[in-house]
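Here is the structure we will look at.
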Amino acid sequence: MLDAKAYVESVKAAIQQRDPEQVEFQEAVFAVLDSLVPVLEKHPRVIQENLLERLVEPERVIEFRVPWQDDAGSFHVNRGYRVQFNSAIGPYKGGLRFHPSVNLSTVKFLGFEQTFKNSLTGLPIGGGKGGSDFDPKGKSDSEVMRFCQSFMTELARHIGPDLDVPAGDIGVGGREVGYLFGAYKRLRGYQNGVLTGKNLTFGGSLARTEATGYGLLYYTQAMLHANSDQIAGKKIKISGSGNVAIYALQKATEMGATVVTVSDSDGFVYDPAGIDDGVVRQIKEVKRGRIKEYVKEVPTAVYHPGSVWDFDVEYDIALPCATQNEIDEAQAKAMVQQHVKYICEGANMPSDEQAIAVYHENGIAYGPAKAANAGGVAVSALEMSQNSERLSWTFNEVDDRLEKIMHDIFAESEKAAEDYGLAGNYQAGANIAGFKKVAIAMIAQGLV
């Protein structure tokens, strides 16, 4: 039998040979596999049953065409995906992303990460992800509706409340979820547990909109507490200005921090007096505008083109909430120079491999996305529970459960790292804690 390191390398080699072009997927998987070596050394049965090679291969990959018609009568075709990655601990659960960058590699990496993220919540949900290379930006409501209806025509046959429960992600908000749910209902009948992130009038949950951003701050709060520190009085950089960023901004401000930046794909706003979440919500959620409009409303703010992570200003906490690989090695080194002490990820895999190495080498406490941004899927699972019970919980009930889940995720990650001689490495701890629950289930269920 191979030793732990040799086994991990053999699995990585098999992935490279099978899917050499799937760079994003490889990056996500390799980071997890490397951190699991201490677990394999302690539990050789994982190697004996070749569990890792089974784990990194999705249970099912669905790829389909999505034809749709624009308002001018022209026809278009996009690609749709649903990767049902792992159902060892529950039905597949994970969002749908509509963005031009979506491809099979992206969806597989997100589904793989989702498996561990969902495991960390302690709730009975497996991992999945999906989406399309369709771009909803600049499209009318009618065009988005027709696309969603076409997308669901195929997806409907592969999902269900006890099989696979999609939700929103980048490019898929309440509008898109509503259109998708309406299409599913016409095809399969009313089953309000088939999608989460729904409108409150047809089975949605209070606090779902805020969940990922709020959860990010609850996790960050737990991390700072573990390091004898607190959020109040801290200066924070946030990237992004979508749902996650807006509610992370709101909760951070409520906790007494000063958030000095938000951004979009064109540039960022800096306000040393603190970003106003109400103004950001008005621009992004009501007007669907660009973040540069913020400076018209707030005289203390300045707009800069480019990446917020290239902006030289001292701060304490980094909360990347935009997109994957937005922080590279050079930008991570700049964080060190700017005396950043903590980074917690609101987006999925926003730091590349070299950036993460810089965090570890320089003692920056690092909360990886699979742990820090699990609040959204946690409340989605709570929405599923409410749908099953035909009940609706109050905002405070959901928010209290969310806060406990996020504190528990940090505590379990911290303990797992300590148990395997990696104290303070919250990334390894999250990988190990998430993996162990999935591995136990897979072994107990036999050849699955």
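The values are calculated or read from the model by the stated rules, or taken from the named source; none is laboratory data. Please read all numbers here as calculations on a predicted model, not as lab measurements. Neighbour counts are summed over all protein chains in view; Cβ atoms, including those assigned to glycine, are modelled from backbone coordinates with ideal geometry.
Listing for the model above:
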quantity: Filter result for LYS370 (within 21 Å of GLU27 (Cα to Cα), basic (Lys, Arg) and in contact (Cβ under 8 Å) with a residue 60 or more places away in the chain); calculated: yes
quantity: Evaluation of ILE236 against (1) among the β-branched types (Val, Ile, Thr); (2) farther than 19 Å from SER385 by Cα; (3) more than 23 Å from the chain's Cα centre (by Cα) (one fails), failing number; calculated: (3)
quantity: Scan of segment 217-271 for residues that are buried (at least 19 other Cβ atoms within 10 Å of the Cβ), without any contact (Cβ under 8 Å) to a residue 60 or more places away in the chain, under 17 Å from GLN324 (Cα atoms) and charged (D, E, K, R), ordered by number; calculated: ASP264
quantity: ILE364 vs. criteria surrounded by fewer than 24 Cβ atoms within 10 Å (Cβ to Cβ), without any contact (Cβ under 8 Å) to a residue 60 or more places away in the chain and not assigned by TED's automatic domain parsing to the domain that holds ASN118; calculated: yes
quantity: Segment 41-91, subset in contact with a Ser or Thr (Cβ under 7 Å, 6 or more places away or on another chain) and farther than 22 Å from SER101 by Cα, residue surrounded by the fewest Cβ atoms within 10 Å (Cβ to Cβ); calculated: ASP71
quantity: Residue in segment 140-154 that is outside the structural domain of ILE246 (by TED's automatic domain parsing) and either closer than 23 Å to ALA372 by Cα or in contact with a Lys or Arg (Cβ under 6 Å, 6 or more places away or on another chain) (or both) present; calculated: no
quantity: Filter result (surrounded by fewer than 24 Cβ atoms within 10 Å (Cβ to Cβ) and over 30 Å from ILE89 (Cα atoms)) within segment 128-147; calculated: ASP135, PRO136, LYS137, GLY138, LYS139, SER140, ASP141, SER142, GLU143, VAL144, MET145, ARG146
quantity: Qualifying residue in segment 389-396 (condition: within 24 Å of ASP169 (Cβ to Cβ) and not polar (S, T, N, Q)); calculated: yes
quantity: Hits in segment 48-90 (condition: more than 29 Å from LEU123 (Cβ to Cβ) and not assigned by TED's automatic domain parsing to the domain that holds GLN114); calculated: GLN48
quantity: Identity of the residue in segment 1-34, at pLDDT below 95 and among the small types (Gly, Ala, Ser), that ends up surrounded by the fewest Cβ atoms within 10 Å (Cβ to Cβ); calculated: ALA31
quantity: Pairs where the first residue, in segment 318-335, is under 18 Å from VAL260 (Cα atoms) and the second is of a type in the set (Asp, Glu), C-beta under 6 Å, 6+ apart; calculated: PRO320/GLU326; PRO320/GLU345
quantity: Members of segment 150-159 that are free of Cβ contacts under 8 Å to residues at least 60 places away in the same chain, farther than 13 Å from GLY131 by Cα, of a type outside the set (Val, Ile, Thr) and crowded, with 16+ Cβ neighbours inside 10 Å; calculated: ALA156
quantity: Conditions (1) under 23 Å from the mean Cα position of the chain (by Cα); (2) surrounded by fewer than 24 Cβ atoms within 10 Å (Cβ to Cβ); (3) of a type in the set (A, V, I, L, M); number of the one not met by ALA371; calculated: (2)
quantity: Residues of segment 8-27 satisfying the condition of being under 27 Å from GLY446 (Cβ atoms) and either of a type in the set (A, V, I, L, M, F, W, C) or touching an Asp or Glu at 6+ places or on another chain (Cβ under 9 Å) (or both); calculated: VAL8, SER10, VAL11, LYS12, ALA13, ALA14, ILE15, ARG18, PHE25
quantity: Residue in segment 403-420 that is in contact with a strand residue (DSSP E or B) (Cβ under 8 Å, 6 or more places away or on another chain), part of a loop (DSSP other than H, G, I, E, B) and not assigned by TED's automatic domain parsing to the domain that holds ILE238 present; calculated: no
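Residue-wise test of (1) surrounded by 24 or more Cβ atoms within 10 Å (Cβ to Cβ); (2) free of Cβ contacts under 8 Å to residues at least 60 places away in the same chain; (3) more than 19 Å from the chain's Cα centre (by Cα).
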{"site": "TRP393", "(1), (2), (3)": "no, no, yes"}
{"site": "GLU403", "(1), (2), (3)": "no, no, no"}
{"site": "ALA411", "(1), (2), (3)": "no, no, yes"}
{"site": "LEU422", "(1), (2), (3)": "no, no, yes"}
{"site": "ILE432", "(1), (2), (3)": "yes, no, no"}
